[in-house]
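Below is one structure, written out as structure tokens; the observations come after it.
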Amino acid sequence: MNTVTLTVKKQPELYLECENVNTDAFAGKKAADIAKLGAYQGKEILTLGDFFTITGEAGATAADTKIIVNGDCTKMKYLGAKMTGGEMIVNYACDMYTGSWMKGGKLTVNGDVHSFCGLALAGGEFTINGNAGNYLGAAYRGDWRGMSGGVLRVKGNAGSDVASFMIGGEMIIEGDVDIHLGTHMEGGKIILKGNANRRVGGQLVKGEIYVFGKINVMMPGYKPVGEKEMEVDGTKATFVDYLGDLGERHPKRKGETVYGHLYMKK
Amino acid sequence: MPKEVTDVICPFCGTLCDDLIVSVSDDNKTILGVKNACAIGAEKFNHQRQPGRVKRPRMRQADGSYKEITYDEAIDWTAKMLVKSRKTLMYGWASTSCQAMSIGHEIAEKCGAIVDNCATVCHGSSLIAIEDVGVPSCTLGEVKNRADRVVFWGCNPAHAHPRHMSRYSIFPRGFFTVKGHKGRKIYCVDCRYTDTAKCADEFIQVQQGFDYELLNAFRTAARGEALPDTVGGVPKEKIYEIVEDLKQARFGIIFFGMGLTHTMGRNHNIDIAINLTRDMNDFTKFAIMAMRGHWNVTGSGQVLGWQYGFPYAVDVSRRDQARHQTGETTSVDLLNRNEVEACFYIATDPGAHFPVDAMISSSRKPTVTIDPHINCTTEISDIHIPVALVGVEVGGCAYRMDNVPIETRKVVDPPEGVLTDEELLTRINKRVDELMAKGGA
């Protein structure tokens, strides 16, 4: 696997749209070619070379490419978005859409990410070793298909509207979340190790949410149906099983109504 | 001999009352009186004759004072600002006509700007919910002629849309609602006992920030499932009783306002209210409608929606695509994050409505404001360009809150030499073309 290292040499005055900073765009290119890739700042089209010092060269395909980004990326959008393979490590906080529409590969951010990161994640591994903003792993605005595959792990806290319209995959939040976790969820699995503010699993059709901490206010559409002993992300514990959201539509399978599950650690 | 202009469209709120009668002086220059309008609507016409109106563009000087300049100078300055800026916020549009908007959007496309309207601090959250789950709605005429269950949730038309209740929602007698008020059951859900609540048959006081939970409880009750004893301060017996009554409706309507759009959860409150409406359609006919405030803000959503597919916060800074993301391309976020380089405000007063931090950020950028009046925004602008009052001094198309387009009427002439929005934007557009042909500002 070949490695390309990007070091920020100049900060954008507005925000930079780094949709060309991912393993797929770099694949098969040398440092000089990568420096020529375009990046929008408002209506102005600049190149990656204007903002980054680029060393190394990419592999022949995305899967053979590793990208390391050093320096302050708080004004860079779309880092690692739409990547399908390979590896990318960002050693700083990044702005919006980081790792959105990812289909494969491994993306690690050693810092915080802003809102709309991991949108509609379809595959691969996305790890945030910091905090995340709102709409983490949610659907793009107006879409009914949120995160559908892959693993998204946040070491810190996340904001509101996390995993909205989730239809598959697994999300692990090791810290706390604000309101609206898993709203409109229709599949997949969310593991929340900290606390949630309110409105967990509102309008949830299918899927599983595991909460290790507390929820400030429980949704009225959830009803406890028993207890279960389970091992969740390496922790063995007893969980109270709630069915829901009883105010939402639910499909039938083999004549039986399928509900979503909210498991609260005892 | 003063003459009377009838069937005038009111240029104030989203109700767009179309039965105003305006008395105009002989020379067609002064409005003498307004009949049928509410107090706010009448004031809109009375402004026309107020002394001290700005009739020529003004430019801010280094010492903070304003100097009168010509329209040509103002147009040249504005066009240069738009061409030079890498990202411009073009915000407002709610008090102008759809025709003016379409010219504005042409400028935005050429100059790589972001077009946003008042929905961004108003019913934007309703529009997000509609993008997510759609909306089963109707026209106000249907409400007047059919509705026998009316729910006002988090809105107070008694103050915000003063003639809404008498024209459409509570009192009028319609084709199938011959008994008027007596034939309708009115519910008001709010955290305060408002003046609208006083007109309602039943007032449901919900704890602030618990609308989502209460709507969820309504949906759960409609499916016959069990509920906790109280939800948001409302006993479960009451919830079951109301849901059963709503199911008995021949035609039900939910009107909602800022009480849902600007409390915890915002778009999710609307989202679940829309889904409750959808659920009620399993039993009867039900519709839901946003109480749009600013006059033609619905029209701005319509024109943007028709041209770009998004109703507000449309980013056309990149030539290849139009983008929209609430939280990113919305005015307040753009200003707070310093993501734009210049501001162009038209037909709205963000200075009075935006958070202070956003306006502090705006005041540090080159700013042009196009507005007939002096307002909070004109005072932090580099240039203030006065224009004719749309709906009073010039006609044009406007959309009512139920998305019905209405052609507004001109009742008096604008002051001599004052341009209309359309004329001004056309000239700015032409100047932008000239500058771009020369290769920039």
Legend entry - Residues being away from chain B (no Cβ under 14 Å) and β-branched (Val, Ile, Thr) - total across region A:148-166: 2
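Residues that are under 28 Å from A:Leu136 (Cβ atoms), within 14 Å of chain B (Cβ to nearest Cβ) and not charged (D, E, K, R): which strands (runs of 3 or more DSSP E) entirely in region A:1-105 hold 1 or more of them? Don't jump to the end; show me each part of the working.
Numbers: elements: A:2-8, A:38-41, A:44-47, A:52-56, A:65-70, A:87-90.
So the answer is A:38-41.
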Inset, instruction - Might you check whether a residue that is touching a Pro at 6+ places or on another chain (Cβ under 6 Å) and in a loop (DSSP other than H, G, I, E, B) occurs anywhere in region B:394-417? - result: no
Legend entry - Checklist (1) touching a His at 6+ places or on another chain (Cβ under 7 Å); (2) more than 9 Å from chain A (Cβ to nearest Cβ) applied to B:Gly265, failing item: (2)
Legend entry - Breaking point among (1) of a type outside the set (S, T, N, Q); (2) out of contact with any strand residue (DSSP E or B) (no Cβ under 6 Å at 6 or more places or on another chain); (3) within 11 Å of another protein chain (Cβ to nearest Cβ), for A:Arg198: (2)
Legend entry - Elements of type helices (runs of 4 or more DSSP H) contained in region B:305-369, each with 2 or more residues being among the polar types (S, T, N, Q) and at pLDDT 95 or above: B:331-336, B:356-363
Legend entry - Residue identified as more than 12 Å from chain A (Cβ to nearest Cβ), of a type in the set (Val, Ile, Thr) and out of contact with any His (no Cβ under 6 Å at 6 or more places or on another chain) among B:Val332, B:Val316: B:Val332
Inset, instruction - Please work out which residue is surrounded by the most Cβ atoms within 10 Å (Cβ to Cβ), limiting yourself to region B:126-185 and to residues that are assigned to a loop (DSSP other than H, G, I, E, B) and aliphatic (A, V, I, L, M). - result: B:Ala147
Inset, instruction - Just name the residue that is surrounded by the fewest Cβ atoms within 10 Å (Cβ to Cβ) out of those in region A:246-265 that are within 14 Å of chain B (Cβ to nearest Cβ) and of a type in the set (A, V, I, L, M). - result: A:Leu246
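State yes or no: is A:Glu44 in contact with a strand residue (DSSP E or B) (Cβ under 6 Å, 6 or more places away or on another chain), of a type in the set (Asp, Glu) and free of Cβ contacts under 8 Å to residues at least 60 places away in the same chain? Outline the logic, then answer.
Working: in contact with a strand residue (DSSP E or B) (Cβ under 6 Å, 6 or more places away or on another chain): no; of a type in the set (Asp, Glu): yes; free of Cβ contacts under 8 Å to residues at least 60 places away in the same chain: yes.
Judged against the criteria, A:Glu44 is not a match.
Do we have B:Asp72 as surrounded by fewer than 24 Cβ atoms within 10 Å (Cβ to Cβ) and assigned to a loop (DSSP other than H, G, I, E, B) here?
Numbers: surrounded by fewer than 24 Cβ atoms within 10 Å (Cβ to Cβ): yes; assigned to a loop (DSSP other than H, G, I, E, B): no.
So B:Asp72 fails the test.
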Legend entry - Residues that are hydroxyl-bearing (Ser, Thr, Tyr) and surrounded by fewer than 24 Cβ atoms within 10 Å (Cβ to Cβ), drawn from region B:238-275: B:Tyr240, B:Thr263
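Before we move on, is B:Ala62 small (Gly, Ala, Ser) and either farther than 16 Å from B:Arg167 by Cβ or touching a strand residue (DSSP E or B) at 6+ places or on another chain (Cβ under 9 Å) (or both)?
Details: small (Gly, Ala, Ser): yes; either farther than 16 Å from B:Arg167 by Cβ or touching a strand residue (DSSP E or B) at 6+ places or on another chain (Cβ under 9 Å) (or both): yes.
Yes: the conditions hold for B:Ala62.
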Legend entry - Number of the exception - B:Glu244 against (1) at pLDDT 95 or above; (2) within 12 Å of chain A (Cβ to nearest Cβ): (2)
Inset, instruction - Please state which of the following conditions B:Glu213 fails to meet, knowing it meets all the rest: (1) part of a helix (DSSP H, G or I); (2) surrounded by fewer than 23 Cβ atoms within 10 Å (Cβ to Cβ); (3) within 12 Å of chain A (Cβ to nearest Cβ). - result: (2)
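Would you say B:Val54 is surrounded by fewer than 24 Cβ atoms within 10 Å (Cβ to Cβ), closer than 30 Å to B:Gly154 by Cα and among the β-branched types (Val, Ile, Thr)?
Answer is no for this residue.
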Inset, instruction - Please indicate, with yes or no, whether at least one residue in region A:58-73 is in contact with an Asp or Glu (Cβ under 9 Å, 6 or more places away or on another chain), in contact (Cβ under 8 Å) with a residue 24 or more places away in the chain and closer than 25 Å to B:Leu334 by Cβ. - result: yes
Inset, instruction - Would you please name the residue that is nearest to the other protein chains (Cβ to nearest Cβ), looking only at residues in region A:210-231 that are touching a Lys or Arg at 6+ places or on another chain (Cβ under 8 Å) and in a strand (DSSP E or B)? - result: A:Val217
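Give the residue, chosen from B:Glu341, B:Glu379, that is more than 14 Å from every other protein chain (Cβ to nearest Cβ), under 23 Å from B:Asp76 (Cβ atoms) and surrounded by fewer than 20 Cβ atoms within 10 Å (Cβ to Cβ). Give the derivation first.
Details: B:Glu341 fails: more than 14 Å from every other protein chain (Cβ to nearest Cβ).
Answer to the selection: B:Glu379.
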Legend entry - Qualifying helices (runs of 4 or more DSSP H) (wholly inside region B:231-285; at least 3 residues being in contact with a Lys or Arg (Cβ under 8 Å, 6 or more places away or on another chain)): B:267-280
Legend entry - Checklist (1) buried (at least 23 other Cβ atoms within 10 Å of the Cβ); (2) more than 20 Å from the chain's Cα centre (by Cα); (3) more than 30 Å from B:Ser317 (Cα to Cα) applied to B:Ile107, failing item: (3)
Inset, instruction - Scan region A:238-245 and give yes if some residue there is surrounded by 18 or more Cβ atoms within 10 Å (Cβ to Cβ), under 23 Å from B:Met264 (Cβ atoms), within 11 Å of chain B (Cβ to nearest Cβ) and of a type in the set (Ser, Thr, Tyr), otherwise no. - result: no
Inset, instruction - Please verify whether region B:217-234 includes one or more residues that are surrounded by fewer than 24 Cβ atoms within 10 Å (Cβ to Cβ), more than 10 Å from every other protein chain (Cβ to nearest Cβ), without any contact (Cβ under 8 Å) to a residue 40 or more places away in the chain and under 24 Å from B:Lys185 (Cβ atoms). - result: yes
Legend entry - Residues (closer than 16 Å to B:Val368 by Cα and either surrounded by fewer than 24 Cβ atoms within 10 Å (Cβ to Cβ) or not hydroxyl-bearing (Ser, Thr, Tyr) (or both)) located in region B:89-100: B:Leu89, B:Met90, B:Gly92, B:Trp93
Inset, instruction - Among what's in region A:126-168 and is touching a strand residue (DSSP E or B) at 6+ places or on another chain (Cβ under 8 Å) and among the hydroxyl-bearing types (Ser, Thr, Tyr), pick the residue that is surrounded by the fewest Cβ atoms within 10 Å (Cβ to Cβ). - result: A:Thr127
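The values are calculated or read from the model by the stated rules, or taken from the named source; none is laboratory data. These numbers were taken from a predicted model, which means no experiment stands behind them. Backbone-built Cβ (ideal geometry, glycine too); neighbour counts: all protein chains shown.
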